[in-house]
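Participant: Before I ask anything, here is the structure I am working with.
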């Protein structure tokens, strides 16, 4: 019994050193987030904040969840502070050139328990959104220069992600061509692989288009044009992105590009002198949370003893984007078009991580069996039973991800008469200031029957 106690004490000590969260040892992140996620889906922003668990996944993920929910609740200073804290934690994590001893304990703990013991590292798409929401915080504060710094940082993340996946995107491009599909004009102009829907799962059209808007407001039309073309590569059928690329190609006199663009999208129509441009970013719903897929395995070892292993993997079930009634600007119902699908990004990120997850799962089965055998030495069934219980309870899937992001983002833009325009939805309204020859950006996020929104007047058209 002393030997058995020593074995379990060693295992529990290792897991405690790795991560003090009992939630990560005997449960998983999606369960801890379920109340907050459900409240957010219903548009209950304050309830979502109140239900957020206390840093079960560390400073980075906790800061991103806090930042996003507080931004929706219009608690802008605390949102900004939370995002800044997450950004600092990311920098510290990335600056570590070697694995620390504490991370070594994390790896050992993960082998003996589950992947939740491994320090959380945000996915590429999550890092992009971290900088995007820092940029939105700056825009809301009317600090456009600082917002530009953040979109530049976000673009670096996107470029690194594209390089890592370049070979896979090229394979997808070949498959598209073999099926005889038309070339993606945006991909051609931006020199991106024409990878069909694959590109939208690894690149963020929302971020590219927002970056273009900020560059254009700053008077940097060349960089604006580059990022607008990248957005068109991700969303080639989005007419608003296409019109924007066509407008800047006309203004910059990109003759070669214009021939290609006009052949598909027609010629650019200049606005009237008394009109200003309204650009609306419309975030919709809440990104899906990972679920847990479980497979109990039972067999007898070479000593005839029963062995139970509870395999657990994260997965996404049936994922849908909410269907919302249109926004109205004045008396006009707006038909936005999707520029980013966050659910697709999350699913792609998990697909890329699955081989490593499954490998660790296989190693864990071997390690847990060694613990069970050590506990059952001497033929006593007590140790075997205790080990089986421990193995079953601690086999939890790693469902950590940024679960308060939107499900998808639409954009809308049009040239309208100068003056105060009224944006309405579901009985709520927002006054939007429009000036001739200027651009007004409107940020909207809708969950359930609630909306969070604001507008800001940017630079000249």
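Participant: Quick check: anything in segment 398-419 modelled with pLDDT under 85, surrounded by fewer than 21 Cβ atoms within 10 Å (Cβ to Cβ) and on the phi > 0 side of the Ramachandran plot?
Facilitator: Within segment 398-419 (the criterion being modelled with pLDDT under 85, surrounded by fewer than 21 Cβ atoms within 10 Å (Cβ to Cβ) and on the phi > 0 side of the Ramachandran plot), the answer is no, since none of the residues qualifies.
Participant: Regarding residue 92, is this residue under 17 Å from the mean Cα position of the chain (by Cα), at pLDDT 80 or above and under 26 Å from residue 134 (Cα atoms)?
Facilitator: In short, no.
Residues are listed down the side, and each one gets a yes or a no for (1) at pLDDT below 95; (2) crowded, with 24+ Cβ neighbours inside 10 Å:
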site	(1), (2)
223	no, no
230	yes, yes
258	yes, no
261	yes, yes
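Participant: Kindly indicate which of 308, 279 is assigned to a strand (DSSP E or B), at pLDDT 90 or above and touching a helix residue (DSSP H, G or I) at 6+ places or on another chain (Cβ under 7 Å).
Facilitator: The match here is 279.
Participant: For residue 187, indicate whether it is modelled with pLDDT under 85, under 20 Å from residue 347 (Cβ atoms) and surrounded by 14 or more Cβ atoms within 10 Å (Cβ to Cβ).
Facilitator: Considered against the rule, which asks whether it is modelled with pLDDT under 85, under 20 Å from residue 347 (Cβ atoms) and surrounded by 14 or more Cβ atoms within 10 Å (Cβ to Cβ), residue 187 comes out as no.
Participant: Restricting segment 322-345 to residues that are within 18 Å of residue 401 (Cα to Cα) and touching a helix residue (DSSP H, G or I) at 6+ places or on another chain (Cβ under 7 Å), which is surrounded by the fewest Cβ atoms within 10 Å (Cβ to Cβ)?
Facilitator: That would be 344.
Participant: Quick check: anything in segment 219-234 closer than 19 Å to residue 139 by Cα and in contact with a strand residue (DSSP E or B) (Cβ under 8 Å, 6 or more places away or on another chain)?
Facilitator: Yes, the conditions are met somewhere in segment 219-234.
Participant: Evaluate segment 439-458: report whether one residue or more is assigned to a strand (DSSP E or B), within 19 Å of residue 240 (Cα to Cα) and modelled with pLDDT under 95.
Facilitator: Within segment 439-458 (the criterion being assigned to a strand (DSSP E or B), within 19 Å of residue 240 (Cα to Cα) and modelled with pLDDT under 95), the answer is yes, since at least one residue qualifies.
Participant: Then there is this: Residues in segment 230-276 that are assigned to a loop (DSSP other than H, G, I, E, B), over 22 Å from the mean Cα position of the chain (by Cα) and free of Cβ contacts under 8 Å to residues at least 60 places away in the same chain: how many?
Facilitator: 8
Participant: I'd like to check something: does segment 289-303 contain any residue that is within 29 Å of residue 400 (Cβ to Cβ), modelled with pLDDT under 95 and over 34 Å from the mean Cα position of the chain (by Cα)?
Facilitator: Yes, segment 289-303 contains at least one residue that is within 29 Å of residue 400 (Cβ to Cβ), modelled with pLDDT under 95 and over 34 Å from the mean Cα position of the chain (by Cα).
Participant: Hey, another quick one. Consider segment 203-224. How many of its residues are farther than 15 Å from residue 439 by Cβ, in contact with a helix residue (DSSP H, G or I) (Cβ under 6 Å, 6 or more places away or on another chain) and not in a loop (DSSP other than H, G, I, E, B)?
Facilitator: The number of residues fulfilling the criteria is 4.
Participant: A follow-up question, please. What do you reckon, is residue 48 at pLDDT 95 or above, surrounded by 19 or more Cβ atoms within 10 Å (Cβ to Cβ) and part of a helix (DSSP H, G or I)?
Facilitator: Here the answer is yes, as residue 48 does meet what is asked.
Participant: Of all the residues that make up segment 52-71, how many are within 19 Å of residue 446 (Cα to Cα), in contact with a helix residue (DSSP H, G or I) (Cβ under 6 Å, 6 or more places away or on another chain) and buried (at least 24 other Cβ atoms within 10 Å of the Cβ)?
Facilitator: Summing the residues that are within 19 Å of residue 446 (Cα to Cα), in contact with a helix residue (DSSP H, G or I) (Cβ under 6 Å, 6 or more places away or on another chain) and buried (at least 24 other Cβ atoms within 10 Å of the Cβ) in segment 52-71 gives 5.
The values are calculated or read from the model by the stated rules, or taken from the named source; none is laboratory data. Note that the structure is a prediction, hence the values are computed from the model and not measured. No Cβ is skipped: glycine too gets one built from the backbone with ideal geometry, and neighbour counts run over all protein chains shown.
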